[in-house]
2 protein chains.
Amino acid sequence: MQADGRLPRYQRLRDEMVALIAARHWRPGEAIPTEQALSQSYGLAVGTVRKAVDLLVAEGLLERFQGRGTFVRRANFDASLFRFFRFQTRQGERRIPESRILRREVVDAPSAVAATLQISRTARVIQMSRLRLIDGVPMLAEEIWLPYARFAAFAKMDLDEVGDLLYPVYETHCNQIVASATETLTVEAIGARHARLLNIEPGTPAVVIERLAFGYDRQPLEWRRSRGPASEFIYQAEIR
Amino acid sequence: MQADGRLPRYQRLRDEMVALIAARHWRPGEAIPTEQALSQSYGLAVGTVRKAVDLLVAEGLLERFQGRGTFVRRANFDASLFRFFRFQTRQGERRIPESRILRREVVDAPSAVAATLQISRTARVIQMSRLRLIDGVPMLAEEIWLPYARFAAFAKMDLDEVGDLLYPVYETHCNQIVASATETLTVEAIGARHARLLNIEPGTPAVVIERLAFGYDRQPLEWRRSRGPASEFIYQAEIR
DNA sequence: TAGTGGTCTAGACCACCGC
DNA sequence: CGGTGGTCTAGACCACTAC
């Protein structure tokens, strides 16, 4: 866990601060120590502290308010839903879909999953099937894989405790915060098994979204593959 | 054109440098003056110059190389193609498709186009149809709209001068640089007209990508709608 | 070796906030 | 008013590049 001593100090301080936030030593909504205080306690110049804070502000972990202080950003679960759930109905509605976890089990990682999650081929993973519905109509059938090592607490949870969104649960119960993700979209004719789940005809065009979600430490946290009828959905992306 | 004197100096310097780049006083691929030289000629501390350069590096206009200098980013047309052309074949091939402009005319802006491009309802626009092919096989049928005011030079160009990529032409002939874009993906059954262009059966599932491209001034530059057979394509996006 | 950007310091003064 | 972050300065030393 020893950080590379050749990393710049502002990088090491940034990692230190991420750890404090992850450990809930600095809690969302709270102010962190002032730049002066940090510079003294870490023995760094204020400018160096500023650079570390700059990084975390850019990453969205901290928020600065002139004259008031610097605060740990409160995870906005609505916003994060829409950050990651880019589908919407043609009417532009963006409601949180109802979620039903159909299955959850701990299994040996299939090799493709282990490779994607960058874990050992002998590691265990949590595998889930989940159905997402709007107004009781199935919209997405999801398969989800989580590395057991990070999400052991989740494997033991009563499924009734899990609401419609997983990321808040990851955060509160497993201390795993999703910071970024990559998504790959394709279109395929839906297979018989998923057609049954989605209550559509086999062979209907379906959108497939594969999402790999990463934590603030840039390690893969979750892999999911979601399928839904292509006719219903709109996907938006920004390119910078 | 007088910049607001209340803006921080690094902001004003950043704006100054953007102007120099836009005016092609500093040209793509060339090194800009060293931080020392800039600090002297503008009468600023090196740290302040650094902050301005930091901004432009973050915006992608400049590139820094330790020990060599800071360079105006050469629009890497390959890279920019793949920044904006996120489709690829299932084999992972990412080749530049051949382009054929089928039609180009200057017309009154349809109201939806005027609204999207944020121009007057009485403004003129350039409208284009374009076909993109790989190995002679049609992959995408595109409709493109450009505000005439910014792209007048393009309207007069010989189409033989236009290569397979439009953004480089916008840059060299119209001084319009695409900095960012939003894309909206949907799937539809292809209509008869586009089916003919793409040489597929009417009703085949097709991906529709609507892209609105913006300049560095955050004004809309181009609106395009591309359609291609859904079976062929993969779309990748990053969420941050 | 000379010159570049990268890191870091130790201050100063300002604008803004909450009391 | 005192304390916060925001801006800015004027250096120092380091790592890397090109010659």
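A short reminder: the numbers here are calculations on the coordinates, not readings from a lab. All figures in this text were calculated on a predicted structure; none of them were measured in a lab. With ideal geometry, Cβ positions are generated from the backbone for all residues, glycine too; neighbour counts draw on all protein chains shown.
Worth pointing out:
- For chain B, modelled as a GNM whose springs connect Cα atoms under 10 angstrom apart, the maximal fluctuation among B:F65, B:F151, B:F214 occurs at B:F65.
- Couplings for the range A:26-35, taken from phi via the Karplus curve 6.51 cos²θ - 1.76 cosθ + 1.60 with θ = phi - 60°, read 9, 9, x, x, 7, 7, 8, x, 5, 4 Hz in order; Gly and Pro are left as x.
- Helix A:46-59 axis versus longest C-alpha principal axis of chain A: approximately 10°, rounded to the nearest ten.
- When A:E30, B:E210, A:E222, B:E105 are sorted by how many other C-beta atoms sit within 10 angstrom of their C-beta, beginning with the fewest, the order is B:E105, A:E30, B:E210, A:E222.
- FRET efficiency for A:L20 and B:T204, using Cβ-Cβ distance with R0 set to 41 Å, rounded to 0.05: 0.15
- A:E59 label point (Cα plus 7 Å toward Cβ) to equivalent points in the other copies: 2.6 nm, shortest first.
- For B:G60, residues with placed amide H under 5 Å, excluding near neighbours: none
- Copy-to-copy label distances for A:T116, where each label lies 7 Å from Cα along Cα-to-Cβ, are 3.3 nm in order of increasing length.
- Theoretical FRET efficiency, 1/(1+(r/R0)^6), r = Cβ-Cβ of A:E30 and B:R100, R0 56 Å, to 0.05: 0.40
- Relative contact order of chain B, defined on C-alpha pairs under 8 angstrom at six or more residues apart (%): 15
- Across the range B:190-206, rounded Karplus estimates of 3J(HN,Hα) from the backbone phi angles (6.51 cos²θ - 1.76 cosθ + 1.60, θ = phi - 60°) give 5, x, 4, 5, 6, 4, 5, 4, 8, 6, 10, 6, x, x, 4, x, 10 Hz, Gly and Pro being marked x.
- A label point on A:A37, set 7 Å along the Cα-to-Cβ line, lies at 4.6 nm from each of its counterparts in the other copies, closest listed first.
- Whether the range A:9-72 is rounded, prolate or oblate, judged on the alpha carbon gyration tensor where a/c under 1.5 counts as rounded: rounded
- Residues B:V137 and A:V57, FRET efficiency given R0 of 60 Å [Cβ-Cβ distance, rounded to 0.05]: 0.80
- Which of A:T70, A:T172, B:T122 has the fewest Cβ neighbours within 10 Å, and the rest in rising order: B:T122, A:T172, A:T70
- Whole-Hz couplings from phi, Karplus 6.51/-1.76/1.60, listed for the range A:210-226; x for Gly and Pro: 9, 10, 10, 9, 10, x, 5, 8, 6, 8, x, 10, 8, 10, 9, 10, 10
- Cα gyration tensor shape of the range A:118-205, rounded if a/c is under 1.5, else prolate or oblate by comparing a/b with b/c: prolate
- 0 to 90° range, to nearest 10: angle between helix A:9-22 axis and chain A longest Cα axis: 60
- Stretchable slack from B:E238 to B:D108, in nm (0.36 nm times residue separation minus alpha-carbon distance): 43.2 nm
- Overall dimensions of the protein assembly as shown by Cα: Rg and Dmax, Å: 25.4, 71
- The helix-based estimate of mean residue ellipticity at 222 nm for chain A, built from -39,500 (n - 2.57) per DSSP H run of four or more residues and divided by its residue count, is -9000 deg cm²/dmol to the nearest 500.
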